[in-house]
Amino acid sequence: MKDKSKAKQAIVRRVDIDTILRAKSGDQTALEKVLEHYKGYMLELCQFELYDASGRVYTCYDEELYHELQLKLMIVVLENFNLE
């Protein structure tokens, strides 16, 4: 019999600390890697639904909010991230 508790566990992927430290020091490639890692989460936060007159649902994304979230993440990594 298979262990059911293992099947329900989610795989958590994290950005490694070296990448974050390189991004904090100004490495553009590392910063892009951090942004790419959180892209799906940020897009999920920016998602909303619109309905037309016939009731069809359209999934849309608020690009302005997405760019604002990217900017806030960059500020946190570049200015506020601290290991202490």
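Rule-based calculations on the coordinates, nothing more; no lab input. Bear in mind the structure is a predicted one, so any value in this text is a computation, not a measurement. In this analysis, Cβ positions are derived from the backbone assuming ideal geometry, glycine residues included, and neighbour counts consider all displayed protein chains.
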* **region 39-50, residues that are closer than 17 Å to Arg13 by Cβ and surrounded by 13 or more Cβ atoms within 10 Å (Cβ to Cβ)** => Lys39, Met42, Leu43
* Asked: Of the residues Glu44, Glu68, Glu84, which single one is closer than 29 Å to Asp18 by Cβ, acidic (Asp, Glu) and under 12 Å from the mean Cα position of the chain (by Cα)?
  -> Glu44
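Residue-by-condition table, conditions (1) surrounded by 10 or more Cβ atoms within 10 Å (Cβ to Cβ); (2) of a type in the set (Phe, Trp, Tyr):
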residue: Gln9; (1), (2): no, no
residue: Ile20; (1), (2): yes, no
residue: His37; (1), (2): yes, no
residue: Asp52; (1), (2): no, no
residue: Tyr61; (1), (2): yes, yes
residue: His67; (1), (2): yes, no
residue: Val76; (1), (2): yes, no
residue: Asn82; (1), (2): no, no
